[in-house]
Protein chains: 2
Amino acid sequence: MSRSDKYDRVMELARRRGFFWPSYEIYGGVGGFIDYGPAGLALKRKIEDKWRDFFLRRHGFLEIETPIITPQRVFEASGHIESFKDPVTECIVCRRKYRPDHLLSDLGVQNAESMGLTELDDEVRKRDVRCPECGGDLSPTTYTQTMFKTTIGPYADSIGYGRPEAAQGIFVNFRRLHEVSRERFPIGIGQIGHALRNEISPRQGPLRLREFTIMEFEFFFDPEEPKCPYIPEVESMEITILPLRSDTERYAEPARTTIRASIEGRLILMEWMAYFMALSQQFLGELGIPPEKQRFSEKLPAERAHYSAQTFDQEILLDRWGWTEVAGHAYRTSYDLSRHIEYSGVDMRVFRPLEKPVEVEEKRLVPILSSIRREFGEGSSKVLELLNVADPEASERQLLETGSLRLGEFTLNQSHVRIHSTRRRKTGKRLIPHVVEPSFGADRLAYAVMEYAYTIKKDRVILSLPASLTPYRAVILPLVERDTLVEEANRIFRHLVECKLEVYYDAAGSIGRRYARADEIGVPLAVTIDYETLNDGTVTVRERDSWKQLRVHNSRLPKYLQDWPHGDT
Amino acid sequence: MSRSDKYDRVMELARRRGFFWPSYEIYGGVGGFIDYGPAGLALKRKIEDKWRDFFLRRHGFLEIETPIITPQRVFEASGHIESFKDPVTECIVCRRKYRPDHLLSDLGVQNAESMGLTELDDEVRKRDVRCPECGGDLSPTTYTQTMFKTTIGPYADSIGYGRPEAAQGIFVNFRRLHEVSRERFPIGIGQIGHALRNEISPRQGPLRLREFTIMEFEFFFDPEEPKCPYIPEVESMEITILPLRSDTERYAEPARTTIRASIEGRLILMEWMAYFMALSQQFLGELGIPPEKQRFSEKLPAERAHYSAQTFDQEILLDRWGWTEVAGHAYRTSYDLSRHIEYSGVDMRVFRPLEKPVEVEEKRLVPILSSIRREFGEGSSKVLELLNVADPEASERQLLETGSLRLGEFTLNQSHVRIHSTRRRKTGKRLIPHVVEPSFGADRLAYAVMEYAYTIKKDRVILSLPASLTPYRAVILPLVERDTLVEEANRIFRHLVECKLEVYYDAAGSIGRRYARADEIGVPLAVTIDYETLNDGTVTVRERDSWKQLRVHNSRLPKYLQDWPHGDT
């Protein structure tokens, strides 16, 4: 025990007490998957509930649930087919495969994750990196899709993928949800669910998984009205931020700043993003991770996802892993909606009335039907839909500058479309919303919460979870396993369950061992039924952190458990 | 509207009010997937919570969460690779694929789902069934895997599947969970999560999905102690049961019987199964589906899953679809655990102390190490593990009768193992638990709940959901969209959210339209903030089912909403 670090100790506790452990262990395990036992699942669900309260419910944002299996077309539109890939190299001797950037990082190379193929191969050659298993030479680096691929239905050409994020299920539904919400705008739409990333060689247990629980929401807003009305509530909050010095360089040292200053100094491009970053710091605080153990690290352009104009990783300090990402804050601009509009031909723009109507010169794309039909045949109706949603100003520029206009898979020229210009009274505008996205990994948070709650008291482990995260509120213990005590303990257990309290029953082993077990699971209160209980109806309640005991009448028990922590203990 | 049936009307409502709708609709849709909007997700989650309360929490059963992506080995062990398949035929002209059994059922052929390949082809030929799309001839029937297939990691031979049930995640973890629960036995272990079935041609919207939410638990017990102590609580409950007349024939008419009689008459083989069936009928009752619209239909041996010794489909009556399965109750015997013990070599037997130790003649398999090493080389340690967990009595019989002993992928003979017989004091026994499994589809239930709650009152739709299932407890409405009213309404909204009440805010449209909208979403109470509110702090509360209105002071509002339905309304 003494030689193991905190990560090992937390993982050992997680396994032994039924929080989580590697999946498929009876078959030797498969990297990148974990199973949640009763305590871990309860903890993860509490984290999800708190996220929901913190971000969605208080703002009246919507929550949805969409499938994991997604047809190829969606990820063509979203850019994932092209951009969601990892570099991989293969040992030419033993055929094992590796992430060359990870091999380089292990050797202390900086920014290996942002290198291109040539750069990676150059570094591998320069440092003579070889197969860590057999010492063989490594093949040139190629890219591999990081999504799980499958086919949908019986036809081989109907390709589907496991979603690597929950966001696309939100984007493709934006129009319907805009309707369902009666055109409320701006609006946030969130989703919690499993997501899949087919990592080449997952490491770090629950911190890098192939299947994980993602909690993310997309906040849709008008980029011409970027003010966030909630900024006054958080503007004086201090955060630690590690911004970029240039497009290729980070500052060496993080800076302490306020939300207000980070907006005014343009460290954070969007007010809404700054607001959600402030909330996220509070959120992690409520999970037991203090602000001084958190920071926001801006990603270099080469490190950012393809859809992002600015990204901050929200990092926390972990004992073994150092600064570790638990959330990403991305300014996705109008990228995703624009691409889905282009690929689907469905108008997902939002109509915004102007306060005062204005006279404007307005351009319109007028299709020349006969020549469109002649050229595009069956595709004509798709061309017409695309013309209907294309931006006339940008289209005119493209036509003038290049002589042609690209719309989805079609290329048009001036024989297919003309630009019509009129002056008219404009009562509103149609816009493609911009999006900021905070995205959390629930599994990493579950691990982090446990590491931060892990406490040693007199050589014994206590999982001092915050009250709102405990898997159980109490454990019900008959002092010894005798009929009368067991019967009464069962009666009390059942009653507490009916009162919707989260309790479990434990009759196995000495009372001391059962207390220790409860401490390790983070159960704040242990309720012991003894012979006095049979006489006067009182039970012993023992508190996790103070180990203090007192007697409570069992009629007061539900409220006593509900109200923990009490001011007086 | 008048020509559409209830299914169409419920589906239209589900889409329009944000319960659920077909996924990927902007790309023309993909069969077998649905998206849940805010109201539908809330409804589904309430159904899940009720299931959890009803089956897991009240019995102190465990809940876990395991991955969807599963390595091939697990489904080899579970028998799914071999048995989880559907018949498929292809049109030789247009190459469209079909389920021949479904084509035959559509023509009124009975029991087509239990036919083998030859029988299906005979029937197809006899009735001259042709391609429904182009009239072409159909190819001979073959079987196709009904699981989504993928690869895990970068190696093509590392095959994985999307799980078609949550059960295997429970079985492979049985040993760990038995430990975590400190060897509590008998015990139930449940899981709620997404599951995947790659249907050939999904039909019936939310009733037959490729990705769906399953709620299932496995109850592990000793087949020599099959008594269920809860039977007295349910024995007089009446159920409708449609048992088998023989191995190939069902009774034409269902019978009304009590739980007690169905156990005594051996209609239901296991008491625990009868108990869970009784609970399940109550559970659906609380979802708004009365007992007289439910029945239990026993499956023919040819229709049952490969692991089951007895299965009942729990069916409910739907307006368009007639009797429709919403749950399955399967007696899985020790099949799954036995197979995983065999394939993994890991002992997952449970030790049960005997009340009184007894003298017994005990057989033991003694490996002959030298000849095992000679024959099996690297596989020897696996052989030894398998010998350690094999049943000595059964192994001896096999050796005597066939001259060899099959263990996993190994075949042994008398040169590898001898049978050692001793008399010893036995203090307990090791057993492979038997399992009964109730398994529910949450999506079907969500649809069914809506169909049963769908009510017309004065030409308007009310979704009269039971109180415990409403997506929202109340809607907060400013009478008109004026600053002072909106401000006060927002204040009240925020306060109710802080009180953990599920409410939403709606300011769009006339008050009458907003009431109608709330009725359609099943919101029991509508809270209107008007000018009186600004004077005296009272609001108008309107009730969904009675349309009655009364004024409530806003300080009493949280409790008033919480306590609905009230005796006095």
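Residues that are of a type in the set (Gly, Ala, Ser), buried (at least 21 other Cβ atoms within 10 Å of the Cβ) and either facing another protein chain (nearest Cβ under 9 Å) or in contact with a Gly (Cβ under 7 Å, 6 or more places away or on another chain) (or both) within the stretch A:141-186 comprise A:GLY160, A:GLY162, A:ALA166, A:GLY169, listed in sequence order.
Report, by residue number, each residue of the stretch B:420-437 that is touching an Asp or Glu at 6+ places or on another chain (Cβ under 7 Å) and either surrounded by 20 or more Cβ atoms within 10 Å (Cβ to Cβ) or part of a helix (DSSP H, G or I) (or both). Across the stretch B:420-437, the qualifying residues are B:PRO433, B:VAL435, B:GLU437.
Given A:GLU396, A:GLU437, A:GLU361, which one is within 30 Å of A:GLY190 (Cα to Cα) and in contact with a strand residue (DSSP E or B) (Cβ under 6 Å, 6 or more places away or on another chain)?
The unique qualifying residue is A:GLU437.
Being in a loop (DSSP other than H, G, I, E, B) and small (Gly, Ala, Ser) is a property that B:GLY509 has. State whether the residues of the stretch A:222-235 include one that is in a strand (DSSP E or B), assigned by TED's automatic domain parsing to the domain that holds A:HIS194 and touching a residue at least 40 places away in the same chain (Cβ under 8 Å). Taking every residue of the stretch A:222-235 in turn, none turns out to be in a strand (DSSP E or B), assigned by TED's automatic domain parsing to the domain that holds A:HIS194 and touching a residue at least 40 places away in the same chain (Cβ under 8 Å).
Being within 22 Å of the chain's Cα centre (by Cα), among the aromatic types (Phe, Trp, Tyr), farther than 22 Å from B:LEU300 by Cα and assigned to a loop (DSSP other than H, G, I, E, B), is that true of even one residue in the stretch B:144-154? Yes, the stretch B:144-154 has at least one match. The residues in the stretch B:69-105 that are of a type outside the set (Gly, Ala, Ser) and either surrounded by fewer than 15 Cβ atoms within 10 Å (Cβ to Cβ) or in a helix (DSSP H, G or I) (or both) can be counted, and the count is 18.
For beta carbons closer than 8 Å, sequence separation of 6+ or different chains, a first residue in the stretch A:250-266 that is more than 17 Å from A:SER280 (Cβ to Cβ) and not assigned by TED's automatic domain parsing to the domain that holds A:LEU279 and a second that is surrounded by fewer than 17 Cβ atoms within 10 Å (Cβ to Cβ) and modelled with pLDDT under 95, there are no qualifying pairs. Applying the criterion of being assigned to a helix (DSSP H, G or I) and of a type outside the set (Gly, Ala, Ser) to the residues of the stretch B:349-373, the residue that is farthest from B:PRO223 (Cα to Cα) is B:ARG373.
Residue-by-condition table, conditions (1) touching a strand residue (DSSP E or B) at 6+ places or on another chain (Cβ under 9 Å); (2) closer than 25 Å to A:HIS434 by Cα:
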{"position": "A:GLU225", "(1), (2)": "yes, yes"}
{"position": "A:GLU233", "(1), (2)": "no, yes"}
{"position": "A:ILE239", "(1), (2)": "yes, yes"}
{"position": "A:ARG245", "(1), (2)": "no, no"}
{"position": "A:PRO254", "(1), (2)": "yes, no"}
{"position": "A:THR257", "(1), (2)": "yes, no"}
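Are any residues in the stretch B:20-42 small (Gly, Ala, Ser), more than 7 Å from chain A (Cβ to nearest Cβ) and under 22 Å from A:LEU56 (Cα atoms), and if so, which ones?
B:ALA39, B:GLY40, B:ALA42
Residue-wise test of (1) within 14 Å of chain B (Cβ to nearest Cβ); (2) surrounded by fewer than 16 Cβ atoms within 10 Å (Cβ to Cβ); (3) under 26 Å from A:ALA442 (Cα atoms).
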| site | (1), (2), (3) |
| --- | --- |
| A:PRO206 | yes, no, yes |
| A:LEU209 | yes, no, yes |
| A:PHE212 | yes, no, yes |
| A:PHE217 | yes, no, yes |
| A:PRO223 | no, yes, no |
| A:CYS228 | no, no, no |
| A:LEU242 | no, no, yes |
| A:SER246 | no, yes, no |
| A:GLU253 | no, yes, no |
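Mind checking which residues of the stretch B:460-479 are among the β-branched types (Val, Ile, Thr) and either assigned to a helix (DSSP H, G or I) or over 12 Å from B:GLU502 (Cα atoms) (or both)?
B:VAL461, B:ILE462 - these are the residues of the stretch B:460-479 that are among the β-branched types (Val, Ile, Thr) and either assigned to a helix (DSSP H, G or I) or over 12 Å from B:GLU502 (Cα atoms) (or both).
Filtered by the rule that a residue be in a helix (DSSP H, G or I) and surrounded by 15 or more Cβ atoms within 10 Å (Cβ to Cβ), the stretch B:106-140 gives B:ALA112, B:GLU113, B:SER114, B:GLU119, B:LEU120, B:ASP121, B:GLU123, B:VAL124. Checked against (1) in a helix (DSSP H, G or I); (2) within 11 Å of chain B (Cβ to nearest Cβ); (3) more than 30 Å from A:ARG15 (Cα to Cα), A:ASP49 meets all criteria but (3).
The values are calculated or read from the model by the stated rules, or taken from the named source; none is laboratory data. These numbers were taken from a predicted model, which means no experiment stands behind them. In this analysis, Cβ positions are derived from the backbone assuming ideal geometry, glycine residues included, and neighbour counts consider all displayed protein chains.
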